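The structure under discussion appears below in the form of structure tokens.
Please treat every number below as a calculation from the coordinates, not as lab data. Everything numeric in this text was worked out from a predicted model, so none of it was measured.
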Amino acid sequence: MKNITFLLMLFSCIGFAQVTVMDFETTLANAPLGNAGGSLTVVNNPFSNADNNSAKVAKIVKGGSGAQVWGSGGVELSAQLPLSSNGNLTYNRISMKVYVPKAGIGVEFEAQNGPDWQKRFISSTTVAEANKWVTITFDISVDNTSLSGALNGYIPYTKLFFVFDKTSSGDQSANSTYYVDDIRLLAQGNVVQQANLPVTFEQTNVDFRMNSFGTVTASLDVDPVNSSNKVGKLVQTASSDAWGGTLFGMDGFGKKIPFTATEKIMTVDVYSPAVGIPVLLKVERSFGSEASQVQVNTTKANEWETLSFDFSTATGDKVLNLNLDYDKLAIFFNAGVKPSAQETYYFDNAQMKDQIASVGDNVFIETSIYPNPSRNQWTIKTTNASIKSLSMFNILGRQVYSARNINNTSEVIPANQFASGVYLLKVQTDLGVKTVKLIRE
Ligand SMILES: [Ca+2]
Ligand SMILES: [Ca+2]
């Protein structure tokens, strides 16, 4: 029951929620932070009016000892910034009230991981009006500075810094004094998620833009043999480099790639114009240069095949280190070979081998389940496919139920034999596999 309540709370938050991170009305949990000649103090609101009539605000002054243009003041939170849940972003905007002495200045919001400041994201905007309280909003769903990567859903951010007007290092006067209040997290419209494993390219709320390199182009496209399936496409030309490839996503995944001592194999479905094409799969880090990679050859031409990459076979400085947080995945076709002509490759379903949820996004299989949540039974119905078999897993990935040789468009699963909680049901049909979530009340 606890799990269900939690999930319902989570779902009801997404899309229209907001939460106040800090309003400076209570004593800060930790000493304020300052950097490069900037400082922060909590003061009585000197400009109390209808735009902000609260008692306390933060005052940031630039130009102290060691002043730099990036001087800033900040706060250390008592708990992590609640931006994400299990690597999935819950919010996509940060807003705050500011009062500045000059119109049109730039402001950066920087969030850092407490123990490791290099794990940070920075978002910027400008303040249009001076000498009044205005609300500014940072769009944290895009990486809009060249200073850092995008935010990563799995990193706990606990330190916040506010950098005003990087055209000046400041002089501690009123012209270098800025006020901040009411820092809030917001969800505006659809909260676009970073890509995560398994990558099926099917979800509409996930950023599947690709970050390619070595003069190749990579993009979201449709399957050359099944127009209802979305896939990745990589095009090489004679001017591409031998090391041309692409990242899945722009800035890495929102979660770490879940390698474990016993799970070191990844699979990717590929569609190549020729057999014997070397395909390299590489895992990298947002915060570190270490990488691991494995190469295999295609064995089919002009049809899909599943390539298996066993990272336990990686060698040399590319050995997989389970202590590292690999959160980027790159694929290279014709790896190490300079192309002589234009070639097109497709790829789909990048996943940990046999990852349960890997089959969860087969959107062209239409299913309905009722009732759900349920106490007694679930009825599974398909409208455009025939159910062949069902397997049900608990949240730990253990199979708790299965039924075979169904060959029907509806099937009933008894629910009363299971403990309350969330289950994943793998529905095998003649159109493919789909995974759906069942909730036992
Ligand atoms: Ca306040
Ligand atoms: Ca797909």
Can you work out the base-10 log of I(q)/I(0) for the stretch 367-440 at q = 0.19 1/Å, using the Debye formula on its C-alpha atoms alone? -0.69
Output the Cα-based Rg and Dmax of the stretch 317-441 in Å, rounding Rg to one decimal and Dmax to a whole number. 19.3, 62
On C-alpha positions alone, give me the angle between the axis of helix 2-13 and the longest principal axis of the chain, in degrees, nearest 10. 60
Restricting to Cα pairs below 8 Å that are 6+ residues apart, what does the relative contact order work out to for the stretch 306-441? Please round to a whole percent. 22
Taking every alpha carbon pair in the stretch 2-186 and sorting the distances into 5 angstrom bins from 0 up to the bin holding the longest one, the percent per bin comes out as 1, 8, 16, 21, 21, 16, 9, 4, 2, 1, 0
Can you compute the radius of gyration and Dmax for the chain, using only the Cα atoms, both in Å? 25.5, 79
Note to self: C-alpha centroids of the stretch 399-434 and the stretch 377-396 sit apart, in Å, by 3
Over all distinct alpha-carbon pairs, what is the Kirkwood Rh of the stretch 197-353 in angstrom? 15.6
Report the relative contact order of the chain, percent, no decimals, based on alpha-carbon pairs under 8 angstrom and at least 6 residues apart. 13
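Let a ≥ b ≥ c be the square roots of the eigenvalues of the Cα gyration tensor of the stretch 262-362; is it rounded (a/c under 1.5), or, if not, prolate (a/b larger than b/c) or oblate? Mind dumping the intermediate values first?
Working: a/c = 1.98, a/b = 1.29, b/c = 1.53.
Cα axes put the stretch 262-362 in the oblate bin.
Past 26 Å, Cα to Cα, is the threshold; run LYS300/LYS381; LYS255/LYS282; LYS59/LYS102; LYS159/LYS437 against it and keep the listed order.
Working: LYS300/LYS381 36 Å; LYS255/LYS282 16 Å; LYS59/LYS102 15 Å; LYS159/LYS437 36 Å.
Over 26 Å Cα-Cα: LYS300/LYS381; LYS159/LYS437.
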Based on alpha-carbon centroids, what's the gap between the stretch 283-359 and the stretch 51-124 in Å, whole number please? 37
